[in-house]
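For reference, the structure discussed in these notes is given below.
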Amino acid sequence: MNVNFHYDKLNSFGKLTSAAGNFPNIINLGEASIERMTVDLKLPEATFTGSCTLTVQGADTEGGTYSTICASGSVTAAMINDGYGLPVPKTNFKFIRVAIAGTYTGTVEAIVNSTLGK
């Protein structure tokens, strides 16, 4: 457990339950950057089976065309329970969203973990 992590609802991409697709929230970074941070997967209801992949996407405008910034490999429940975070490289996109693919059951939440990595 990362004791330095502080949850901020404004950092949440939202929740999805047993469905592939885009998480409901898009984050407007404005002049900020999420470089060296991670997009973490959390299990708010503590149940998850199967596996999934995450894709962080960015666009210059909220309704614009989103491009892939980075993507995970297969993520399992054990990985999420251990504290899975997808590192985000430097990007100039103002709007960030996260998509999930795969076959899983349960509810997952994607959030920006603002703790800086390497």
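A short reminder: the numbers here are calculations on the coordinates, not readings from a lab. Predicted model only: the values in this text are computed from it and were never measured. Positions of Cβ are generated from backbone atoms using ideal geometry, with glycine treated the same way; all protein chains shown enter the neighbour counts.
Values as computed for the structure displayed
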read-out: Residue order, fewest to most beta carbons within 10 Å, for C52, C70; value: C70, C52
read-out: Residue order, fewest to most surrounding Cβ atoms within 10 angstrom, among R97, R36; value: R36, R97
read-out: Chymotrypsin sites (Phe, Trp or Tyr not before Pro), loop per DSSP, at most 16 other Cβ atoms within 10 Å - longest free stretch of the chain; value: 8-118
read-out: Sum of -39500 (n - 2.57) over DSSP H runs of 4+, divided by residues of the chain (222 nm, nearest 500); value: -1000 deg cm²/dmol
read-out: Net charge dipole size for the stretch 29-118 [Lys, Arg +1 and Asp, Glu -1 on Cβ; Debye, nearest 20]; value: 200 debye
